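Below is one structure, written out as structure tokens; comments come after it.
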Amino acid sequence: MYNFNRIYVAGHNGLVGAAIVRNLQRRDDVEIITKSRGELDLTDQRAVANFFMTEDVDQVYLAAAKVGGIHANNSYPAEFIYENLMIESNIIHSAYQNGVTKLLFLGSSCIYPKLAEQPMQETALLTGTLEETNEPYAIAKIAGIKLCESYNRQYGVDYRSVMPTNLYGPNDNFHPDNSHVIPALLRRFHEAKLHGDRQVVAWGSGDPMREFLHVDDMAAASIHVMELEKEIYDKNTAPMLSHINVGTGVDCTIRELVETVAKVTGYKGEIVWNPSKPDGTPRKLMNVNRIKSLGWSHSYSLEEGLTNTYKWFLDNQSVLRT
């Protein structure tokens with residue numbers, strides 16, 4: 001590892017940030033710095049500047065972001081673009097001003113065009129129109145990538161970016177209305193089992209294909225990319241194309257996902273498909289050749305990851321939002 005000890009994980013209470021902290025806590029050569037939202041408002045430029053001036057930070061994992069599903073993105077587009085732009089701009093600029101030479105920015109696969117060729121390669125960035133429902137969020141994430149690239153070019157720092165596929169795992173949001181597909185399904189099938197429901201209705205045809213990555217794999221990939229020798233990283237990226245996709249490179253149908261969730265939760269009833277509900281994009285798969293060539297690949301199979309996540313859900317129901 002680099003001779004850095006003090007690592008600031010921005011967004012440590014979120015899905016990815018918490019996983020990065022869990023991974024780093026296994027080591028005895030780092031000191032992890034975290035601040036809750038109540039302690040540090042990352043949209044406040046002065047507060048972030050003061051934080052970096054008073055803390056001797058060596059590395060930053062920028063996992064903080066305002067996130068949400070389709071409904072939230074449609075309802076609050078101004079908040080999604082403003083808050084995410086402010087968070088990443090404040091952290092990246094203050095990190096540079098205070099001598100932080102290594103930073104990792106976590107983006108999202110939504111940066112790629114709506115009709116990007118599958119599997120999506122890093123080179124697809126800025127080649128087409130974005131998905132309308134989350135365009136403000138995607139624009140902010142693209143800006144984060146370009147901030148890192150621009151500071152690298154002008155100031156000679158080493159700021160890197162990783163783009164994850166759909167993530168799930170411990171510390172996910174299991175809210176019945178606002179959660180993403182995997183936590184929503186786990187909760188629905190769990191409750192159907194408890195209530196003795198004979199049927200669970202699933203939306204659409206079940207034919208669309210999606211890729212899912214366990215968040216502990218994402219954390220391991222983030223640290224792997226952060227710790228690559230600069231010469232190796234630079235050789236495999238480009239000044240204006242520096243981000244790296246992170247995923248499994250394997251997808252499954254929504255039908256396969258639902259059937260696996262039913263198996264993991266122990267639900268024995270019937271699954272009924274409602275084809276009148278929308279399917280969404282037929283396929284979303286990341287090309288992960290670049291990160292594989294750099295020595296990283298995922299470890300969790302989908303069933304193993306779902307089993308791990310369901311156990312976490314069962315162990316933490318008392319503290320989950322209802």
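Looking only at segment 100-112, which residues are modelled with pLDDT of 95 or more and touching a Leu at 6+ places or on another chain (Cβ under 9 Å)? Within segment 100-112, L103, L104, F105, L106, I111, Y112 meet the criteria. Restricted to segment 136-160, and to residues there that are surrounded by fewer than 18 Cβ atoms within 10 Å (Cβ to Cβ) and of a type in the set (D, E, K, R), the residue that is farthest from N289 (Cα to Cα) is R153. Only residues that are closer than 18 Å to Y159 by Cβ and modelled with pLDDT under 95 were counted in segment 2-59, giving 2.
Note on segment 67-99: residues that are assigned to a loop (DSSP other than H, G, I, E, B) and modelled with pLDDT of 95 or more total 2.
Residue pairs whose Cβ atoms lie under 7 Å apart, sitting 6 or more positions apart in sequence or on different chains, and linking a residue in segment 50-62 that is under 17 Å from A19 (Cα atoms) to a partner that is of a type in the set (S, T, N, Q) and surrounded by 14 or more Cβ atoms within 10 Å (Cβ to Cβ), are Y61/S222. For D279, the requirement of being within 18 Å of the chain's Cα centre (by Cα), of a type in the set (D, E) and either exposed (fewer than 14 other Cβ atoms within 10 Å of the Cβ) or at pLDDT 95 or above (or both) is not met.
Filtering segment 185-194 for residues that are of a type outside the set (F, W, Y) and either touching an Asp or Glu at 6+ places or on another chain (Cβ under 6 Å) or assigned to a strand (DSSP E or B) (or both) leaves an empty set.
When residues in segment 235-289 are screened for being more than 30 Å from L103 (Cβ to Cβ) and in a helix (DSSP H, G or I), 12 of them pass.
Residues in segment 270-309 that are closer than 28 Å to S161 by Cβ and among the small types (G, A, S): G280, S293, G295, S297, S299, S301, G305.
Can you tell me which residues in segment 208-233 are in contact with an Asp or Glu (Cβ under 9 Å, 6 or more places away or on another chain) and either part of a helix (DSSP H, G or I) or within 13 Å of R160 (Cβ to Cβ) (or both)? Across segment 208-233, the qualifying residues are V215, K230, Y233.
Scanning segment 290-309 for residues that are surrounded by 13 or more Cβ atoms within 10 Å (Cβ to Cβ), in contact (Cβ under 8 Å) with a residue 60 or more places away in the chain and under 19 Å from the mean Cα position of the chain (by Cα) turns up R290, I291, W296, H298, Y300, L302, G305, L306, N308, T309.
The values are calculated or read from the model by the stated rules, or taken from the named source; none is laboratory data. Because the structure is a prediction, the values reported are computed rather than measured. Ideal geometry is used to build each Cβ from the backbone, glycine not excepted, and the neighbour counts take in all protein chains shown.
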